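**Q** Can you keep this structure in mind? I'll have questions shortly.
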Amino acid sequence: MAVAGASGPVMGREDVDRALARLGAEHEAIESSLLALQDHSGRRLLEGAELTGVTKERWAETDAAVSALWTHFEAYTDALNTARELRARRRWPTQTELARLTELLHGEGITVTGAAVPDHARSLTGPARLSERFSLEQLLARMNGWYDRAMETVAAADSVWSALPARIDLLAAETQRVRSLADSVGVRPGAHPAGDELDALVEELAELRARTVSDPLAFWRGESAPGRPDTSRYDQAGRRLEEIRREVEAVLHVRDDAEHRLKRLRDVLSRADRTLTEARGARVEVLSKILASDVPAVSGPAAALHEQLDTAEEFARTTQWHRLSPLLDSLEERADEELLRARDSLTAVTAPLAIRAELRGRLDAYRAKVARLGMAEDPLLIERYDQARRLLWSAPCDLAAAERTVRRYQEAVAEIGVPRTPTDRWGPGRGGGSR
């Protein structure tokens, strides 16, 4: 370090003492900060890690800046010690000594060579070993700037390392738990999309952790979110794992509920088959008892559904839960539809018998009403009742003709003053014709 002359007024003794006190306090603060930086866990990790990407570049600059900080601090210390020694010679320094102290404290008398300046801080067009001259104040300002940037780099890396790897490890452990659960229900790579997703997620988390360790500054948000690492990829992986977990748990639920659902399916299809058998029997009865040509045909059991039920039971026996799940969903819907179809078929086939029963009931209700009113011996009513009864109790029954005779009986009752019963839904305005 060399000291040059300074321009400007010479400092007085009290000014020198105040400047030395202030610079001494600043020297202690700088030394404490440099020691804290030197001992920072982030710096030690950066120094020993195999870095890549942004962090490798930033650490190369920061490491050079830290070395330059110590070099500049030594120059600062030497200049301050020289000034202190000069001031300590006598209580009342001479004018020459005051001038010398002024040069030391305010003049640009500290020379630093380019070797002590980080590459990124040198002039791009300057010589490789640039010599620069500073005052203590200027030197302090430069050190403060480098220290802030160095501490920012070190603290950012330490913040990412403190937050992300541990969280990634926890997520990876949860992924392995879900993977074990998925294996237990047959959700494996190549057999189920969720198995492929789990494999991809495991690889992604391993890559994410490796990059977090080697390039932590790539995950530092900086100005967009000061003091916080970028967790977007981690958060996205967490959401993907949650979606996969729900899929696996759905398959697990199928495993736990499979026997109940298969039993219900067997019951529904059995009821559908019995209903169709009943409908076929009813159709034979209707064709023998009712004169009708529009009785619908009845189909046989749903063979395809029974085959699929056999397949579902095989999946359950062989623990292929991931294949059983969608098959059960489809089978349950189609089995319910099959039972409804069978019931509709029975209703359609037995409709003529229901019509005949309704006509018989209505005829008997009118006859009982006539008897209560003392008109059971009326010849017209007897004739029309007998005609309707013969048609309704004959086989095969002509429903259209029977309906017409019942209506004529109702009309005759109305003509002689007997009010119609509340059950009359077949008034004269209905018209003839079979159902």
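**Q** So which residues in region 216-251 are among the aliphatic types (A, V, I, L, M), farther than 23 Å from residue 45 by Cα and at pLDDT 85 or above?
**A** 237, 241, 244, 248 - these are the residues of region 216-251 that are among the aliphatic types (A, V, I, L, M), farther than 23 Å from residue 45 by Cα and at pLDDT 85 or above.
**Q** Which of the residues that make up region 274-322 are over 30 Å from residue 245 (Cα atoms), part of a helix (DSSP H, G or I) and among the polar types (S, T, N, Q)?
**A** 275, 277, 288
**Q** Which of (1) among the hydroxyl-bearing types (Ser, Thr, Tyr); (2) more than 60 Å from the chain's Cα centre (by Cα); (3) within 23 Å of residue 277 (Cβ to Cβ) does residue 366 not meet, given it meets every other one?
**A** It fails just one condition, (3).
**Q** Let me ask something else about it. Looking only at region 49-100, filter to residues that are among the small types (Gly, Ala, Ser) and within 16 Å of residue 37 (Cβ to Cβ); which one of those is surrounded by the most Cβ atoms within 10 Å (Cβ to Cβ)?
**A** 65
**Q** Going through region 303-358 one residue at a time, which ones are among the hydroxyl-bearing types (Ser, Thr, Tyr), closer than 20 Å to residue 188 by Cβ and surrounded by 18 or more Cβ atoms within 10 Å (Cβ to Cβ)?
**A** Answer for region 303-358, where residues must be among the hydroxyl-bearing types (Ser, Thr, Tyr), closer than 20 Å to residue 188 by Cβ and surrounded by 18 or more Cβ atoms within 10 Å (Cβ to Cβ): just 325.
**Q** Evaluate region 314-335: report whether one residue or more is closer than 15 Å to residue 279 by Cβ and either in contact with a strand residue (DSSP E or B) (Cβ under 7 Å, 6 or more places away or on another chain) or assigned by TED's automatic domain parsing to the domain that holds residue 270 (or both).
**A** no
**Q** Which residue is farthest from residue 323 (Cα to Cα), if the candidates are limited to region 163-211 and must be surrounded by 16 or more Cβ atoms within 10 Å (Cβ to Cβ) and among the small types (Gly, Ala, Ser)?
**A** 163
**Q** Sticking with this one: Hey, among 139, 130, which residue is modelled with pLDDT of 80 or more and of a type outside the set (D, E, K, R)?
**A** Matching residue, one of 139, 130: 139.
**Q** Ok, one more. Can you name every residue in region 155-208 that is in a loop (DSSP other than H, G, I, E, B) and without any contact (Cβ under 8 Å) to a residue 24 or more places away in the chain?
**A** Matches in region 155-208: 188, 189, 190.
**Q** Considering only region 199-215, how many residues are among the charged types (D, E, K, R) and touching a Leu at 6+ places or on another chain (Cβ under 6 Å)?
**A** Looking only at that region, the number is 0.
**Q** Quick check: is even one residue across region 241-256 in contact (Cβ under 8 Å) with a residue 60 or more places away in the chain and more than 30 Å from residue 314 (Cβ to Cβ)?
**A** Yes, the conditions are met somewhere in region 241-256.
**Q** OK, next. Criterion first (acidic (Asp, Glu), out of contact with any Ser or Thr (no Cβ under 7 Å at 6 or more places or on another chain) and surrounded by 17 or more Cβ atoms within 10 Å (Cβ to Cβ)) does residue 247 satisfy it?
**A** yes
**Q** Looking at region 365-390, I want the residues that are exposed (fewer than 15 other Cβ atoms within 10 Å of the Cβ) and have a partner that is charged (D, E, K, R) and not in a helix (DSSP H, G or I) with Cβ atoms under 9 Å, at least 6 apart or on another chain. Which pairs are those?
**A** Partner pairs satisfying both residue conditions: 365/424.
The values are calculated or read from the model by the stated rules, or taken from the named source; none is laboratory data. On a predicted model such as this, the values are computed, not experimentally measured, just so you know. Here the Cβ is made from the backbone with ideal geometry for all residues, glycine too, and neighbour counts use every protein chain on show.
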